[in-house]
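This report concerns only the one structure given below.
Just so it is clear, none of the values below were taken in a lab; they were calculated from the coordinates. Given the structure is predicted, the values throughout are model-derived calculations rather than measurements. Backbone-built Cβ (ideal geometry, glycine too); neighbour counts: all protein chains shown.
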Amino acid sequence: MRWRLPEWAVGLLFISPWLVGFGAFMALPIALSFWYSLSDYTILEPPVYVGLENYQRLAEDPVFWKVMWNTVIYAVIAIPLGTIFALVIAGLLNAKVIGLTFFRAAVFLPSLVPLVASAMIWIWIFNGENGLLNGALELIGIRGPNWLGEAAWMMPSLVIISLWSIGQAVVIYLAALQDVPTSLYEAADLDGMGVIGKFWNVTIPMISPVILFNVIMAIIATWQIFAVPFIISLDGGPERSGYFYTMYLYDQAFRFLNMGVASAMAWVQLLIILGLTGLTFLVSRRTVHYRA
Amino acid sequence: MTSQLSSNPGWGTLTRRGAIGAMAAGGLGFAVFGPRRAREAPTGRVVIDYWEKWTGQEGEAMRAVVDAFNEGQDRIWVRYFSMSAIDQKALVSIAGGDPPDVVGLINHHLPQYVSAGALASLEELEQTYGREVDASIERAFGPDDFELSEAYYTPKIWRLMRYNGQVGGAPGACTTMALYYDRGAFRAAGLDPDRPPRTIDELDAADERLAVREGDKLVQAGFIHKEPGWWNWVWGFHFGGRLYDAESNTATAVEDENVRAYEWVQSYPSRYGSTRLVSFQSGFGNYNSAQQAFVDGKVRMVFHGSFVANVIERFKPRLDYAAAPFPVDERVYDPDRPIGLVESDVLCIPRSAKHPREAWEFVRFTQRRENLESIARRHAKPSPLRLVSDGFGEGHPNRSIDVHNRIAQSDRAFPKPVTRVWPQYEQEFNANFDAFWRAERPARDILADIQGRAQAIMDADAAKRRRRAGAGAGGRPA
Amino acid sequence: MARSRRHPLQTIGLYAALIGVSALFALPLLWMLSTSVKPIDQTQVSPPQWLPEPVTELPRFASENYVTGSKNEQGDIVQHGVLVDPVVNFPLYLRNTLIVATLSVSGMVISSAIIAYGFARVKWRGRGLVFAFVLATMMIPFPVLMAPLYVIFRDLGWIGTFMPLWVPSWFGGAFQIFLLRQFYLTIPKELDEAARIDGCSHLGVFWRIILPLSKPALAVVALFQFIFVWNDFLGPLIFLQHRDQFTLALGLQLYQSQAGNVPQNALMAASVLILLPVVILFVLTQRTFVEGIATQGLKE
């Protein structure tokens, strides 16, 4: 018999690409980012250690709090709304309908549209004067607002765009729904539960782990929202109503060349995401039903 | 679920596979054999890279000069690259030690670049290579009257090239901003097309006469501050205000002149209704199109640069337009000293450029009168030179180019505030312009917000500079 | 919820709801298509029209917007067709995108397939822990990394090349590793154990048994990576320099934002062109897509 490497060495060899990649493209950047966040760094000149000054500047920076606020508000509206919408649509699709492939394709396809193209389409639809949306509203006698031109309407507009691309969540929920054993529904029928009762008492508990996973991914995605608002307006639109965390981070790093401040923002973001994820897990421990 | 990932080839699957295969093969083929840009330089020449920020007609202006240079001599070859976000990309390439040899920036980039020691001083280059480069240019292209000094350029433009006592670059195309008005509409509204408004009050009066309402809707406006909306910070200057005091490094947005100016800005939405104005404006087409508000006749007077003439020429050549210095507050009106924003492209040579001598030779070539004037013409812009050639105005695409020349020559022409943090300061104006527009808060309060934040950024920046100077790390790039 | 027990009225309501929802999702795309085949003045009529006027001229309008361009009164072209725009070279950007996609997709498939084997089939201490760690890295968003990554790539001299866009794919992706590992676990252990007894090394098992059986999962990985590259905006925005190097997503943004930007109909035509390959790919591979996505909900 030939001599073989011990299993642990073989295992490490197989996963070594990931180890190298993780070291070079994640661990190193995160470590560097921590060092930069404690430095004055403009890219042009070497970093100079400044302690917590960048964090302090962020705390005193009204624009930082503005983007934080915008991002949180967006998350608080878009995530629950998106989850409910996706669940409802998945429920409809799960009703053993004819033409499922077609309906599913119609709902799913928008989530594949490149964000840049999606932004272009919606800017055009939201146009205050010639837009499709206001044209439709006019037909029923409503004078629509200037969706992306007014601070108050920016957030609702962005949420609408986000709802348009929930196709992936719908597909995930649909698969989860199809996995719920029919015997449970039959039992519920015997208990005399209605459609809503069954959805609430059987469906939701059964797919709660999937919902949890989706919500966590949505939280992470929300903190990254960039391309659509960036294309709608570089400077964040009227009164920075469309200015988000990642946009400000990008501006600090690549427009204002404050790599130090940008890195401090990155670290704050990382901690927030880890914190939120942990919190979601804690809350869910009581409410999420894992099948044995 | 994963077990569903199974393949059971049937007829449908096979044709589908064929289609996917064809797509993949087509894509791969396109990736390998697809279009590419030819930019081979002839062998035996020193190759230098030039980064251009303009596209389209404006980009072609410089390309023609590059071509003329490449053809006219046989020692240097300039490669022309079209860049976007050029200021960021250039800065970073300089930091990375692999910069272009020549880069076309704009004057307001200089403070940041020069402070960081990113640019070569043209005066030093001229001292080092001047004689041999002059000789080489004259041999290939004939004699010229170039000199790197205030004697050759319009004084205002020359001043834009300098920061901290260093000549950071040489001018490319330059422009000034003015009031563009529709003479036909003036006549129709009973206004004298040869007597454009000179003061803000006259502008308001003309605006009233030109505005057309249909019931609740505005269908034609006289003047709108937000068209095209590229200069939200500019209005105070036309009231005699300033935004920045370089001496004390302070933001001065709350000066009384500025407050008056932005109260004037607010008078428009309060007269027309801010929602109505915003909705009216969202129907405007893009700048470079026949639907642009001024070309289309939706707005009869606009604040614009000389370059707008190119768009008019393209989409509505019969439009009877003219330009005049933008109206100013009565208190600062002086017919001989017009007030107007002046800007200039700047051709810079990074300090770490690999071929400084050749870069200088190319920049030196662009500064010949015929080249600068040809660039200016193509951009529909005024000449950056002190002496305007006799033929320059004839056949110039902008029929009011004299007005722009006059503003450029005026001692009250003003540049963007010269501070390293201008990008942030300007962003404050852009972000807050809607607050002015909705007129829910007094102009003074909004200006105070802007000033407060701008000052905080300036102080932080100054503190950083001081610390770097103290640490002995300042000045030179890494 | 079996069909037999549904009341006819419920059925009608259900289909009405489904058709309504699908229409809402489809409308924006149809509107984009509609705008892309109209002359510019017809994009600004109120109320909005779905078809150009006269509709018989549609082919001419379409070819103007996409290829031949529109002319002014003197006969000069004032707006070029999207495909031949002199500033924004979409065919070139297509080529760039395909180059990046080819390199990135092959890297992701190859590396993730290898790494997942290490987690699914080789027994070593701490394997579960490391795997959980891999999954945890999914929580780290790109924006957190982008500033320092930029500095690293700059020091490597990669800025202004395609390398930052594809080299990292050659080191696997957390989700892809997860997906492939789950799939490997469904392949009966007996197969490779038999092969191991016959003297086959791990490499042999991976190559001869696991890989051939995993084609559907590898296809999912390839498909997702392709879509990712096709849609990616932030990466190219940060790492690319010359306009000649742009990818399609970045090119579309350049097309929209360049000084004196383009009219709506041309913009929509460009969006249609970028979307078209994705739609075709989706139609051809719908099942792979749907099954791949559905796997995401799978948390064991």
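Quick look at the numbers
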| quantity | calculated |
| --- | --- |
| Cut-off 17 Å, label 7 Å out along Cα→Cβ of A:Leu81, residues of segment A:104-124 by amide N | A:119, A:122-123 |
| For segment B:337-478, size of Cβ-based charge dipole, Lys and Arg +1, Asp and Glu -1, in debye | 660 |
| Which of A:Leu52, A:Phe103, A:Phe244, positive extreme of dipole for chain A (C-beta unit charges) | A:Phe103 |
| FRET efficiency, B:Arg331 to B:Asp194 (Cβ-Cβ, R0 30 Å, nearest 0.05) | 0.75 |
| Fewest-first sequence of A:Asp61, B:Asp411, B:Asp216 by Cβ atoms within 10 Å of each Cβ | B:Asp216, B:Asp411, A:Asp61 |
| The protein assembly as shown - share of DSSP beta bridges that are antiparallel (%, nearest 5) | 70 |
| Where labels lie 7 Å past Cα in the beta-carbon direction, separation of A:Leu190 and A:Thr287 in nm | 3.0 |
| For segment B:212-276, with +1 on Lys and Arg beta carbons and -1 on Asp and Glu, the positive-most of B:Gly241, B:Gly215, B:Pro228 along the dipole | B:Gly215 |
| FRET efficiency for C:Asp198 and A:Leu274, using Cβ-Cβ distance with R0 set to 56 Å, rounded to 0.05 | 0.75 |
| Highest-first arrangement of A:141-150, B:388-397, B:96-105, where packing means the average Cβ count within 10 Å | B:96-105, A:141-150, B:388-397 |
| Long-range HN-HN contacts of B:Val299 with modeled amide H, under 5 Å | B:Ala221, B:Phe294 |
| Top positive-direction residue, dipole computed over the protein assembly as shown with Cβ charges, set C:Val290, C:Asn231, A:Ala78 | C:Val290 |
| Charged-residue dipole, Cβ positions (Lys, Arg, Asp, Glu), segment C:71-221 about Cα centre, Debye nearest 20 | 660 |
| Inter-label distance, nm, simple model (7 Å from Cα along the C-beta direction), B:Glu124/B:Ala205 | 5.7 |
| Within segment B:159-203, backbone nitrogen closer than 18 Å to the virtual label 7 Å beyond the Cα of B:Glu150 toward Cβ | B:159-171 |
| Reachable aspartates and glutamates from A:Lys96, criterion Cα separation under 17 angstrom, eight or more residues apart if same chain | A:Asp179, A:Glu186 |
| Segment A:184-253, relative contact order in percent, only Cα pairs under 8 angstrom and at least six apart counted | 21 |
| Residues A:Tyr185, C:Tyr255 arranged by fewest to most Cβ contacts within 10 Å | A:Tyr185, C:Tyr255 |
| Theoretical FRET efficiency, 1/(1+(r/R0)^6), r = Cβ-Cβ of A:Ala9 and B:Glu71, R0 60 Å, to 0.05 | 0.40 |
| Relative contact order, percent, chain C [alpha-carbon distance under 8 Å, six or more residues apart] | 26 |
| Computed magnitude of the charge dipole of segment A:1-126 (debye, nearest 20; Cβ of K, R +1, Cβ of D, E -1) | 800 |
| Above-threshold pairs, the threshold being 19 Å between Cα atoms, out of B:Lys53/B:Lys298; B:Lys217/C:Lys38; B:Lys217/B:Lys298; B:Lys156/B:Lys226 | B:Lys53/B:Lys298; B:Lys217/C:Lys38; B:Lys156/B:Lys226 |
